[in-house]
Amino acid sequence: MAKKKKAQTSNTIALNKKARHDYFIEEKFEAGVEMKGWEVKSCREGKAQLTDSYVIFKNGEAWLLGANIQPLPSASTHFVTEPDRTRRLLLTKRELSKLIAAVEQKGHTVVATAMYWKGHLVKCEICLAKGKASHDKRETEKKRDWNREKQRLMRSAHK
């Protein structure tokens, strides 16, 4: 009798929480990620990291830089593994042209915010973003702290 695989609790492989802190997110896109077999296996084990990753455009194609996928010990014995290699993102021509036009404008950048499973495929959520100044970051933290305090006050008022 074959063993049943245990169901994965979450489709999320990796998140880039720092991106939401450093940028104003304006528009989200879903892109496929071109990967090698050992990278997919590592993603299944949760060995991917998106911190400090961003997207560049070369020759009309989108490339993911800074994403780190650590190889599994079993895969790294018979492959030449590059954990932080540049990976191609798969987008439609319309999405590519929209992103390229926005990046050419001042202050816009494209950052990877999440990597997740969609069926058996690895998808990357990339966002068109505008950089935050340090006073904007402080303002965001104040709002977050105030919302947390409001929740505490509401809970204590209901008791």
For Glu30, state whether it is under 18 Å from Ile13 (Cα atoms) and open to solvent by less than 100 Å² (accessible area, probe 1.4 Å). yes
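Which ones in the range 93-113 are in contact with a helix residue (DSSP H, G or I) (Cβ under 9 Å, 6 or more places away or on another chain), under 15 Å from Trp63 (Cα atoms) and open to solvent by 10 Å² or more (accessible area, probe 1.4 Å)?
To start, the set of residues in the range 93-113 that are in contact with a helix residue (DSSP H, G or I) (Cβ under 9 Å, 6 or more places away or on another chain) comprises 108-113.
Imposing the further condition that a residue be under 15 Å from Trp63 (Cα atoms) reduces the set to 109-113.
Listed by number, the list holds a single entry, Thr109.
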Pull up the range 34-48, narrow it to residues that are over 25 Å from Glu61 (Cα atoms) and in a loop (DSSP other than H, G, I, E, B), then point me to the one that is least open to solvent (accessible area, probe 1.4 Å). Gly46
List every residue pair whose Cβ atoms lie under 6 Å apart, where the two residues are 6 or more positions apart in sequence or sit on different chains, the first residue falls within the range 56-71 and is more than 13 Å from Ile126 (Cβ to Cβ), and the second residue, located anywhere, is part of a strand (DSSP E or B) and open to solvent by less than 30 Å² (accessible area, probe 1.4 Å). Ile69/Ala48
Residues of the range 49-62 classified as more than 16 Å from Glu39 (Cα to Cα), part of a strand (DSSP E or B) and open to solvent by 40 Å² or more (accessible area, probe 1.4 Å), total: 5
Out of (1) in contact with a Phe, Trp or Tyr (Cβ under 6 Å, 6 or more places away or on another chain); (2) over 22 Å from Asn11 (Cα atoms), the one Thr92 does not meet is (1)
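Where residues in the range 129-159 are outside any helix (DSSP H, G or I) and either out of contact with any helix residue (DSSP H, G or I) (no Cβ under 9 Å at 6 or more places or on another chain) or at pLDDT 90 or above (or both), which of them is most open to solvent (accessible area, probe 1.4 Å)?
So the first thing to find is which residues in the range 129-159 are outside any helix (DSSP H, G or I), and the list is 129-133, 159.
If we keep only those that are either out of contact with any helix residue (DSSP H, G or I) (no Cβ under 9 Å at 6 or more places or on another chain) or at pLDDT 90 or above (or both) as well, we get 130, 133, 159.
Values: Lys130: 81, Ala133: 41, Lys159: 204 Å².
For the range 129-159, the residue satisfying everything is Lys159.
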Mind checking whether some residue in the range 16-31 is polar (S, T, N, Q), within 29 Å of Glu104 (Cα to Cα) and either touching a Cys at 6+ places or on another chain (Cβ under 8 Å) or part of a strand (DSSP E or B) (or both)? no
Go through (1) aliphatic (A, V, I, L, M); (2) open to solvent by 50 Å² or more (accessible area, probe 1.4 Å); (3) modelled with pLDDT under 90 and name the single condition Leu90 misses. (3)
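Just one of Pro83, Pro73 is open to solvent by 100 Å² or more (accessible area, probe 1.4 Å) and either in contact with a helix residue (DSSP H, G or I) (Cβ under 7 Å, 6 or more places away or on another chain) or of a type outside the set (A, V, I, L, M) (or both); which is it? Explain how you work it out, then say what you get.
On the way: Pro83 fails: open to solvent by 100 Å² or more (accessible area, probe 1.4 Å).
Every option except Pro73 fails the conditions.
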Output for Cβ contacts, cut-off 7 Å, separation at least six or different chains, first residue without any contact (Cβ under 8 Å) to a residue 60 or more places away in the chain in the range 40-52, second assigned to a loop (DSSP other than H, G, I, E, B) and open to solvent by 50 Å² or more (accessible area, probe 1.4 Å), reads Ser42/Gln70; Lys47/Gln70
Inside the range 15-45, can you point out the residues that are under 22 Å from Cys127 (Cα atoms) and hydrophobic (A, V, I, L, M, F, W, C)? Leu15, Ala19, Phe24, Ile25, Phe29, Ala31, Val33, Met35, Cys43
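The values are calculated or read from the model by the stated rules, or taken from the named source; none is laboratory data. All values derive from a computational prediction rather than experimental measurement. So basically every Cβ, Gly included, is an ideal-geometry build from the backbone, and we count neighbours across all protein chains shown. Remember, those area values only see protein heavy atoms, side chains included, never the ligands or the DNA or RNA. Shrake-Rupley method; radii C 1.70, N 1.55, O 1.52, S 1.80 Å.
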